[in-house]
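Presented below is the structure to which this report refers.
The values are calculated or read from the model by the stated rules, or taken from the named source; none is laboratory data. No experiment lies behind these values; they were computed from the predicted model shown. Glycine gets a Cβ as well: all are built from the backbone with ideal geometry, and neighbour counts include every protein chain shown.
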Amino acid sequence: MSKRLEKTNISDDKSKSKSKTEKSKTEKSKTEKTKKNKSVKFADNEKVMFILFPGHGNSEKDWNNLYDTVDKIDKKITFTSSLKKMGKICYVSFPWNNIFYYMDKDGKSRFSDDLNFYIEDYDVKAYCKKIFTEIKDFKGKFVPIGHSIGALFAHAFAEQYASRCAFSVTIDGSFLTGVWENQVKNISRYLKYTNDDLIELKLKVVKGNKNAINELSMISSSNILNSVYKSKKKYSNLKLKVKLISFFNIDVSNDPVIFELNGCKIKESIQMKKFNNNKYESTMFVDKSHWPHWSHDSRDIILSIIKTNIKNLVN
């Protein structure tokens, strides 16, 4: 497991002017800048740390992929650059995703060659404990953000360390209520593997064996899902300890699997709201892909809602 903490640097105006007029202008400029960038000042005070849990097969770099032409005009405006204006960022890099380093040239540009992981690392709660151990000295509040299967980790972290978390965010995440049977019904055959089996597969992976990469990919996702869904009844009426903000994408498609998946997203939102009221809110996008934080309009909505909740925390 690797992570990196990044801090937004704020440069203060340093006027060397000797005249009272210029000093006055400088002080005015500082005041205006503070008012305009309240969230930036908030970040400098280290009140919030965002913990980014990526989806399966995604890396730290994938938080900022760009889908549309608007973003190509100004690539400095990205999901993480905007988060940095509100707080610190802790990037979580799941080592099992590094199998894709050995897939092709693109994988080598996005992942590490580190394959240091074992069956026990797939336990979501245990892995969250490892993350917390590394960042527990941070004095402010945590905001776990999880995309896809990373949502299971974001939610688990918030529930395990509720007193340290302001709220959590999931982006087109795996279901917390276990409402999609297709997501769990075919995973049993991937739960039989041992650490010795993983070592044998890793030896094939480093040689670029695509079958081994795909097999290990399924082993990883299946064991992660199982660590959450094995106590399925526990998740049927899920009551939250910490506010959860969910963002789902609804794909317009005639595909019956996609149709069922869309229905499950709506069902989960209704069920979560029913049992949690003010501790849960959801936003549905249409045709923004599994990565709505990549498109500028849906990304801006996500960031705006996060920023509003951060301001509420400050006030």
(request) Could you tell me which numbered condition Tyr280 fails, if it satisfies all but one of (1) under 29 Å from Asp121 (Cβ atoms); (2) of a type outside the set (A, V, I, L, M, F, W, C); (3) buried (at least 19 other Cβ atoms within 10 Å of the Cβ)? (result) (1)
(message) Quick check on this structure: which one of Asp287, Asp300 is under 20 Å from Pro54 (Cα atoms) and of a type in the set (Asp, Glu)?
(response) Asp300
(message) Considering only the range 165-177, I want to know if a residue exists there that is modelled with pLDDT under 95, closer than 22 Å to Asn97 by Cβ, not small (Gly, Ala, Ser) and not in a strand (DSSP E or B).
(response) yes
(message) Consider the range 301-315. How many of its residues are without any contact (Cβ under 8 Å) to a residue 60 or more places away in the chain, in a helix (DSSP H, G or I) and loosely packed, with under 15 Cβ neighbours inside 10 Å?
(response) 3
(message) Exactly one condition in (1) farther than 30 Å from Lys88 by Cβ; (2) in a loop (DSSP other than H, G, I, E, B); (3) touching a residue at least 60 places away in the same chain (Cβ under 8 Å) is false for Leu198; which is it?
(response) (2)
(message) Among the residues of the range 131-152, what is the count of those that are part of a helix (DSSP H, G or I) and out of contact with any helix residue (DSSP H, G or I) (no Cβ under 6 Å at 6 or more places or on another chain)?
(response) 7
(request) Working only within the range 78-112, note down all residues that are without any contact (Cβ under 8 Å) to a residue 12 or more places away in the chain and of a type in the set (Val, Ile, Thr). (result) none
(request) Go through the range 55-88 and count every residue that is more than 13 Å from Arg110 (Cα to Cα), modelled with pLDDT under 90, in a helix (DSSP H, G or I) and in contact with a helix residue (DSSP H, G or I) (Cβ under 7 Å, 6 or more places away or on another chain). (result) 2
